[in-house]
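**Q** Please find one structure pasted underneath; my questions will follow.
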Amino acid sequence: MSEPGPESVPTSADPRSKRPTKRRAVTPLSEQANQIESLFKDPSKEIRLPSAPKERTSSSLAPPPEIVANVQGSSAGAGSGEFHVYKASRRREYERLRLMQSEVEKEKGDAEWEKQREEAKRKDLEKTEKNRRRREKKRAARTGNKKDGSSGTMENEKSSFRGPLPPNPDMDQGVEGMDGVTSAEVPGVIIHDED
């Protein structure tokens with residue numbers, strides 16, 4: 001056996017060869033890999049994405065011809081190519097009618113959606129207004145009682161008081177604890193057992 005040398009390398013794989021390498025069938029995986037490799041070669045290069053196709057409308061199609069010359073039907077005398085011309089014109093007309101119908105349905109759907117949106121908005125505003133009136137009524141009832149002074153409850157008066165409590169002369173001044181901190185005794189009911 002001879003040693004592997006430049007003579008044993010196939011001509012297409014030889015780096016000195018100017019012949020292009022054999023082209024293999026491109027699989028989706030290898031195609032995507034090639035695209036990603038080309039993107040990573042120059043990361044600073046701007047990537048251009050294709051724009052979305054424009055939506056087809058009946059106005060974007062060519063209008064139907066006003067005058068059709070040499071009209072032939074399926075009667076005798078029509079050539080074999082006339083059938084395809086007729087089919088193509090019929091297909092174009094059906095496409096135009098279908099697009100017109102879809103535009104009408106889209107307009108109806110948009111109008112219905114707008115109507116539902118306005119209805120939901122109106123209901124939300126009504127509910128908000130109702131809640132606002134209820135809150136104002138509660139607030140007026142609360143503040144109205146305090147202004148009269150006749151039906152103000154003790155709890156309302158306590159909760160409205162802000163600031164330190166005034167000194168109470170009936171309360172003991174306090175007992176000094178072990179650590180030198182004075183703690184006040186809480187006034188309350190004292191029960192004595194009578195034995």
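The values are calculated or read from the model by the stated rules, or taken from the named source; none is laboratory data. Not measured: the values here are computed from a predicted model. Virtual Cβ from ideal backbone geometry, glycine too; neighbours counted across all protein chains shown. What goes into the accessible areas is simple: the full protein's heavy atoms, side chains included, and nothing from ligands, DNA or RNA. Shrake-Rupley method; radii C 1.70, N 1.55, O 1.52, S 1.80 Å.
**Q** Would you mention how many residues in region 78-90 are assigned to a helix (DSSP H, G or I) and not charged (D, E, K, R)?
**A** Count: 6.
**Q** Do we find a residue being modelled with pLDDT under 70 and part of a helix (DSSP H, G or I) anywhere in region 13-36?
**A** Yes.
**Q** Could you tell me how many of the residues in region 27-54 are open to solvent by 100 Å² or more (accessible area, probe 1.4 Å) and either of a type in the set (Val, Ile, Thr) or in contact (Cβ under 8 Å) with a residue 12 or more places away in the chain (or both)?
**A** 1
**Q** What are the residues in region 115-141 that are open to solvent by less than 70 Å² (accessible area, probe 1.4 Å) and not hydrophobic (A, V, I, L, M, F, W, C), if any?
**A** Within region 115-141, 129, 131 qualify.
**Q** Continuing with the same structure: From the list 55, 103, 93, which residue is at pLDDT 80 or above and either touching a helix residue (DSSP H, G or I) at 6+ places or on another chain (Cβ under 7 Å) or not in a helix (DSSP H, G or I) (or both)?
**A** When all the criteria are applied, what remains is 55.
**Q** Does residue 82 satisfy being surrounded by 10 or more Cβ atoms within 10 Å (Cβ to Cβ) and either more than 30 Å from residue 63 (Cα to Cα) or at pLDDT below 85 (or both)?
**A** Judged against the criteria, residue 82 is a match.
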